[in-house]
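Here's the structure we're looking at; comments come further down.
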Amino acid sequence: MNEYLTLAEASELIGKSKETLRRWDKEGKLSAVREPMSNYRVYRKQEVETLFATFYAKTIQESISNYVEPENEYSVLELFAGAGGLAVGMEKAGLKCVALNEIDKWACQTLRINRPKWDVLEGDIKDFDFSEYHNKVDVVTGGFPCQAFSYAGKKLGLADARGTLFYEFARVVSEVNPPICIGENVRGLLSHENGKTLQGMISILDEIGYKVVPVQVLKAINYKVPQKRERLILVGIRKDIDLEYEYPKPYKKIYNLVDALKKGDLFDTDVPKSEGAKYPKSKIDVLKLVPQKGYWRDLPLDIQKQFMGGSFFLGGGKTGIARRIGWDEPCLTLTCSPAQKQTERCHPEETRPFTVREYARIQTFPDDWKFEGSIAQQYKQIGNAVPVNLGREVGYSIIKFLNQYYSLSKPK
Ligand SMILES: C[S@@+](CC[C@H](N)C(=O)[O-])C[C@H]1O[C@@H](n2cnc3c(N)ncnc32)[C@H](O)[C@@H]1O
């Protein structure tokens with residue numbers, strides 16, 4: 001793939017004259033570089049696209065809204081709740097969390113300290129019986145960790161999945177019998193075991209009485225999240241309900257790192273100061289050579305080889321390695337540990353990882369949502385979360401479905 005655009009191509013893409021682009025080059029707004037092979041002056045495609053997106057964003061009149069008011073009080077049972085990204089998002093949408101299950105003690109403390117009234121069920125999901133919620137909960141949600149199944153026959157049944165966390169998710173759905181259930185996972189589930197794992201999950205939900213809506217991977221950047229994170233959503237509708245579920249519609253406006261860390265549309269203030277991890281000196285020495293939006297390829301060749309080690313010869317873009325995020329782009333997906341090897345997401349101006357509160361902002365957690373445990377534990381909880389704003393939009397889609405369901409069946 002060509003990473004560079006000529007002056008003419010850049011001018012056409014962005015709808016500005018070549019003169020303007022030359023002036024921008026002088027002003028440092030969009031700098032040209034020398035194409036490594038031909039030595040012509042060219043523009044980095046990604047930089048031009050981001051600039052184009054910025055212009056485009058300024059002229060966008062957002063006409064989309066997923067907002068919908070709940071016509072009844074709807075309750076959620078949230079499994080694998082972590083630090084509450086999805087739960088807070090659904091709460092913002094107007095759903096009420098009746099109980100949350102989570103095994104990690106620090107994540108449970110996070111949930112309790114922020115929402116003393118939530119019923120946090122701490123422990124292994126396998127040890128809990130949820131039949132007390134039978135027909136009392138409107139939606140069961142959960143980001144079950146993905147595990148392989150062992151396949152005996154052609155079609156996987158619930159019993160075959162025993163021992164996996166998806167089995168537990170399905171068991172709870174079956175015990176609780178909600179009108180709708182939502183699983184969330186990583187995009188990789190689509191290709192896990194060549195798609196067999198996902199097919200197995202769909203056939204298990206079918207067996208327990210739920211029809212799965214065609215699976216979609218939602219891009220967080222389309223839902224007011226300044227991060228290129230993706231989440232696979234698995235929606236099951238109880239088979240006696242003849243209603244369509246609609247995924248939340250994507251917004252046109254894309255938010256960038258600046259929107260996460262500075263006062264603006266997403267937050268009323270600049271990001272509060274907080275503790276954060278540090279890079280070792282050897283990494284600082286390398287990363288300080290990388291410009292905003294740059295990555296390992298922007299380093300001198302000898303340092304590239306030294307930094308990348310064996311990976312240098314493996315090919316592929318690996319654009320997430322030694323990456324410094326730019327203010328005017330969405331952040332790359334945050335991981336559970338900000339200083340981990342080969343997934344550096346360096347602050348745009350300072351040579352350091354994002355602090356805990358910056359991490360939380362990029363995941364759209366509100367500033368008053370506290371995280372418990374050591375700094376490493378806090379990063380892990382944040383990195384594991386569904387971005388709150390994405391959770392809120394999924395929440396609206398659930399409310400829309402439940403409003404229709406209850407207006408048809410009037411069981412309340
Ligand atoms: C991807 S995270 C969920 C993130 C959460 N949905 C959020 O938005 O913040 C998965 C969670 O499942 C929890 N978990 C893993 N095994 C579990 C088990 N056996 N019982 C209960 N929770 C478990 C992990 O501790 C982790 O917090």
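Figures for the structure shown
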item	result
Binned Cα-Cα distances of the chain, short to long, each 10 Å bin given as a whole percent	4, 20, 28, 24, 15, 7, 1, 0
Separation in nanometres of the label points that stand 7 Å from Cα toward Cβ, at D368 and E207	4.7 nm
Extension gain from D270 to K318, taking 0.36 nm per residue of separation minus the Cα-Cα distance	14.2 nm
Set K281/K318; K228/K288; K26/K318; K136/K400; K253/K283; K228/K380 screened for pairs whose C-alpha atoms are more than 25 Å apart	K26/K318; K253/K283
Straight-distance crosslink candidates among aspartates and glutamates, where the alpha carbon sits under 12 Å from K105 and sequence neighbours closer than 8 are dropped	E122, D124, E372
Whichever aspartates and glutamates have a C-alpha closer than 12 Å to that of K211, once near sequence neighbours (fewer than 8 apart) are set aside	D240, D242, E244
Mean residue ellipticity (222 nm) of the chain, computed from DSSP H runs ≥ 4 via -39,500 (n - 2.57), nearest 500	-9500 deg cm²/dmol
In region 321-361, trypsin sites (Lys or Arg not before Pro) in a DSSP loop with at most 12 other beta-carbon atoms within 10 Å	K341
Projected label distance in nm at E49 and E349, using a 7 Å step from Cα toward the beta-carbon	2.7 nm
Simple spin-label estimate for R41 and V258 in nanometres, 7 Å along Cα-Cβ	2.4 nm
The chain, dipole about Cα centre (Lys/Arg Cβ +1, Asp/Glu Cβ -1), debye to the nearest 20	1300 debye
Theoretical FRET efficiency, 1/(1+(r/R0)^6), r = Cβ-Cβ of D242 and L7, R0 60 Å, to 0.05	0.55
Summed residue charge, Cβ within 15 Å of Y40's Cβ, Lys/Arg positive, Asp/Glu negative	+2
Distance-filtered residues of region 344-363 - backbone nitrogen under 13 Å, label point 7 angstrom along A376 Cα→Cβ	none
Estimated FRET transfer efficiency (S191, D124; beta-carbon r; R0 30 Å; 0.05)	0.60
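Read-outs throughout are calculated quantities, based only on the coordinates presented, and are distinct from any laboratory measurement. Being a predicted model, the structure only gives us computed values, none of them experimental. Heads up, the Cβs are rebuilt from the backbone with ideal geometry, glycines too, and the neighbour counts pull from every protein chain shown.
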